[in-house]
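Since the structure comes first, as structure tokens, the remarks are kept for the end.
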Amino acid sequence: MSGNDEFRSMPPVFRFAPSPNGYLHLGHALSALLNDDLARKASGRLLLRIEDIDTARCRPEFEAAIYQDLGWLGIAWEQPVRRQSEHLARYRQAIEKLSAEGLVYPSFESRAEIARLLAQQDANSRWPCDPDGVPLYPGAAKSLPSGERTRLLESGAPYALRLDMAAACARAGDLGWIEDGEGPDGETGAVTARPQAWGDVILARKETPTSYHLAVVVDDALQGVTDVVRGRDLFWSTSVHRLLQRLLDLPQPAYRHHRLILDGAGGKLSKSTAATGLRELRAAGATPTGIRRLVGLA
């Protein structure tokens with residue numbers, strides 16, 4: 001039996017992984033309830049992970065509210081709760097492994113400098129964007145002479161650690177996953193991963209030794225997560241996650257992306273939208289059963 005076959009033969013493990021940078025809304029409720037329902041149906045386990053690597057935006061009161069809202073919905077999760085900020089050494093180990101294989105490089109441009117480079121590129125032709133609509137990295141830090149790179153690092157200059165996407169894709173080979181849900185354009189079943197569409201993604205910064213992409217892959221493996229059930233807005237992020245799983249020799253979970261709860265204008269819900277916040281709805285007299293109906297699960 002292969003490592004991944006053994007991984008998939010375990011009792012299924014689901015997870016809900018919010019960031020404590022605001023209060024939960026109906027979109028979070030849909031994802032949390034789906035994970036809870038599927039775990040119960042499969043006699044599996046449900047984990048709660050607090051993704052709090054953004055120290056500038058994450059706050060203790062938001063984390064406390066997550067526990068309150070989920071408990072009110074009737075969702076039970078295993079203890080202890082994993083908080084990403086307590087496991088930064090694990091992410092550094094992953095970065096070191098990728099760096100040792102020559103797949104990571106530092107870039108030193110500020111956000112203002114990147115904006116200037118993009119403006120110059122756009123003056124010639126439209127610069128490509130990633131699946132989220134963010135322009136790809138336009139800089140040339142990958143080709144910096146080693147002496148200049150060392151000088152900048154030793155000077156204490158801010159930097160971002162980026163994945164050399166071309167080298168990483170060449171190392172990993174063909175990638176894909178089986179989609180048990182549906183992507184934004186109806187993708188389901190066998191999906192070909194397209195990590196190159198993201199360009200040289202950031203894996204860490206000088207002040208933060210991980211990024212969402214790296215942390216979620218490392219955490220899912222360490223926690224034995226077998227089934228990733230999350231919103232459709234993260235569908236194409238799976239391409240980057242599959243690439244990192246291959247490079248780091250980590251098991252591949254099953255993926256199921258679900259529909260989003262949209263606002264009145266057809267956009268993704270924001271944590272600042274009080275009309276769809278669970279705390280506000282509860283204060284207005286909503287019940288857990290009513291929330292299930294609102295998100296289409298009743």
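The values are calculated or read from the model by the stated rules, or taken from the named source; none is laboratory data. From a predicted model like this one, the values you see are computed outputs, not experimental measurements. With ideal geometry, Cβ positions are generated from the backbone for all residues, glycine too; neighbour counts draw on all protein chains shown. In case anyone asks, the SASA skips ligands and DNA or RNA and just uses the protein heavy atoms, side chains included. Shrake-Rupley method; radii C 1.70, N 1.55, O 1.52, S 1.80 Å.
If only the Cβ of Lys and Arg carry +1 and only the Cβ of Asp and Glu carry -1, the dipole of the chain around its Cα centre is close to 340 debye. Once both labels are positioned 7 Å from their Cα atoms along Cα-to-Cβ, the gap between ARG83 and THR55 label points is 1.3 nm.
For the pair ASN124 and SER270, a Förster radius of 51 Å applied to the C-beta separation gives a FRET efficiency near 0.90, rounded to the nearest 0.05.
Each principal axis of the Cα atoms in the range 34-177 has its own extent, and those three values, largest first, are 55, 34, 31 angstrom. The trypsin sites (Lys or Arg not before Pro) of the range 164-224 that DSSP puts in a loop, and whose beta carbon has at most 15 other beta carbons within 10 Å, are LYS206. Projecting the Cα positions of ILE261, SER107, LEU163 onto the charge dipole of the chain (unit charges on Cβ atoms of Lys, Arg, Asp and Glu, taken about the Cα centre) puts ILE261 furthest along the positive direction. Report, to the nearest whole %, how much of the accessible area of the chain belongs to carbon and sulfur atoms, 1.4 Å probe, protein only. The value for the chain is 52 percent carbon and sulfur by accessible area.
Rolling a 1.4 Å probe over the protein heavy atoms gives the chain an accessible area of 48 Å² per residue. Between ASP132 and LEU234, the simple spin-label model (points 7 angstrom out along Cα→Cβ) gives 1.2 nm.
Entry note, the range 181-298: relative contact order of 26 percent, from Cα contacts under 8 Å with a spacing of 6+ residues. Taken about its Cα centre, the range 126-202 carries a charge dipole of about 600 debye when Lys and Arg each add +1 at the Cβ and Asp and Glu each add -1 at the Cβ. When the chain is modelled as a GNM with alpha-carbon springs shorter than 10 Å, which of GLN93, GLN245, GLN120 fluctuates the most? Maximum among the listed residues: GLN120.
Which of these, GLY156, GLY74, GLY231, has the largest mean-square fluctuation under a Gaussian network model of the chain (Cα springs below 10 Å)? Sorting by GNM fluctuation, first place goes to GLY156.
Evaluated at q = 0.06, 0.08 Å⁻¹, the base-10 log of the normalised Debye intensity for the chain, with identical point scatterers placed on the Cα atoms, takes the values -0.22, -0.38.
Between the C-alpha center of the range 194-224 and that of the range 64-102 there is a gap of 13 Å.
Say we join alpha carbon atoms closer than 10 Å with springs in a Gaussian network model of the chain; which of LEU175, LEU243, LEU262 then has the biggest fluctuation? Of the options given, LEU262 has the highest mean-square fluctuation. Placing unit charges on the Cβ atoms of the charged side chains and taking the dipole of the chain about its Cα centre, the candidate lying farthest along the positive direction among GLY71, GLY181, LEU250 is GLY71. Summary value for the chain: 24 percent relative contact order, contacts being C-alpha pairs under 8 angstrom separated by 6+ residues. Applied to the range 240-249, the Karplus parametrisation 6.51 cos²θ - 1.76 cosθ + 1.60 on θ = phi - 60° returns per-residue 3J(HN,Hα) values of 5, 5, 5, 4, 5, 4, 5, 5, 9, 6 Hz, with x for Gly and Pro. With R₀ fixed at 35 Å, the C-beta to C-beta distance from ARG116 to ARG92 puts the FRET efficiency at about 0.65. Dipole magnitude for the range 232-298: about 140 debye, using +1 per Lys or Arg Cβ and -1 per Asp or Glu Cβ, origin at the Cα centre. With one equal scatterer per alpha carbon and no solvent term, the Debye-computed log10 I(q)/I(0) for the range 3-74 at 0.12, 0.21, 0.28 1/Å reads -0.38, -0.89, -1.25. In a fully extended conformation the segment linking ALA140 and GLU187 would gain 13.5 nm over its present Cα-Cα distance, using 0.36 nm per residue. On full extension, the segment bounded by ALA157 and SER99 gains 19.0 nm, given 0.36 nm per residue less the C-alpha separation. Give me the one-decimal nm value for the distance between modelled label points at LYS206 and GLN223, 7 Å along each residue's Cα-to-Cβ direction. About 3.2 nm, to one decimal.
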